[in-house]
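Participant: Sharing a structure here in structure tokens format.
The numbers here are math on the coordinates, done by the rules we state, and not lab data. From a predicted model like this one, the values you see are computed outputs, not experimental measurements. With ideal geometry, Cβ positions are generated from the backbone for all residues, glycine too; neighbour counts draw on all protein chains shown.
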Amino acid sequence: MEQTSKYAIGFAAIEEMRGELGSEMPVLFFRMFESAVRKRLTTEFSRGYADYLMRDAGKIAGALFAESFTEEAEGPVEFLQSFRALLKGLGYGVLRVEKADLDRLKFAFSISHGIEPSDTEEEGSTGCSFTEGFLSGALSVRFGEEINVKEIACIAGGETSCRYIAGTDV
Ligand SMILES: [Zn+2]
């Protein structure tokens, strides 16, 4: 797979380091890690600031992901298609592009079966700030402008998928 060499550049030769264990691991460990970091941040800071830090970390990851796994020469539609295929293929979640206004850089996405929503939230609340940042970082890298992402509905809050809006003014 072509991504293998990009893995080695951006993600420190995961396959080599992991040997026979390979590059996969259960979602359980991501959720455990994410939930532990979030819990630690919310004991130190307010919920809002903890979300901000998770979102900002997600932005770094999303930018690195887009730089490492997608082709710079791709047009916007091809980028969205390959981004979607990568997120599904690598097990992050099933991304649907609900709306894409490429002139005004306004988007709406949903992610079902995502890796992030791990905590049981109160009804109507959202919980995927890392994913907000991840999408933001990836979109900003590929569209060359700061694109912010806000989750407007979350599986953790009782919805059937996590839904996001994105844009330069979000
Ligand atoms: Zn969510």
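Participant: How would the chain be classified by its alpha-carbon gyration tensor: rounded, prolate or oblate, with rounded meaning a/c under 1.5 and the a/b versus b/c comparison settling the rest? Don't jump to the answer; show the numbers that get you there.
Facilitator: Numbers: a/c = 1.62, a/b = 1.08, b/c = 1.50.
Cα axes put the chain in the oblate bin.
Participant: Could you tally the net charge around residue 164, taking each other residue with its Cβ under 11 Å from the Cβ of residue 164, Lys/Arg +1 and Asp/Glu -1?
Facilitator: It works out to a net charge of +1.
Participant: Want the number for residue 21 to residue 152: 0.36 nm per residue separation, take away the alpha-carbon distance, what's left?
Facilitator: Between residue 21 and residue 152, full extension yields 43.4 nm more.
Participant: Now, a different point. May I ask you to derive the FRET efficiency for residue 85 and residue 170 from their Cβ-Cβ distance with R0 = 30 Å, giving the value to the nearest 0.05?
Facilitator: According to the calculation, E is roughly 0.75.
Participant: What list do you get for 107, 30 if you sort them by fewest beta carbons within 10 Å?
Facilitator: In increasing order of surrounding Cβ atoms, one gets 30, 107.
Participant: Could you list 51, 56, 103 so that the one with the fewest beta carbons within 10 Å of its beta carbon is first and the one with the most is last?
Facilitator: So the ranking, lowest neighbour count to highest, is 103, 56, 51.
Participant: Can you tally the net charge around residue 132? Count Lys and Arg as +1, Asp and Glu as -1, for every other residue whose Cβ sits under 14 Å from the Cβ of residue 132.
Facilitator: -1
Participant: What's the tally of Lys pairs in the chain whose alpha-carbon atoms lie under 28 angstrom apart, where the two lysines are 8 or more places apart or on different chains?
Facilitator: 14
Participant: Per DSSP H run of at least 4 residues, take -39500 (n - 2.57); add these up for the chain, divide by its residues and hand me the 222 nm value, nearest 500 deg cm²/dmol. Present the calculation step by step, with values, prior to reporting the outcome.
Facilitator: Values: 6 runs with 83 residues, N = 170.
Theoretical 222 nm ellipticity from helices: -15500 deg cm²/dmol.
Participant: On to the next question. Most exposed first by the Cβ proxy, i.e. fewest other Cβ within 10 Å, how do 97, 77, 149, 141 rank?
Facilitator: Exposure proxy ranking, most exposed first: 77, 97, 141, 149.
Participant: For residue 49, what is the net charge nearby, where nearby means another residue's Cβ is under 13 Å from its Cβ and Lys, Arg count +1, Asp, Glu -1?
Facilitator: Values: positive: 38, 40, 47, 55; negative: 44, 51, 56.
Here the count lands on +1.
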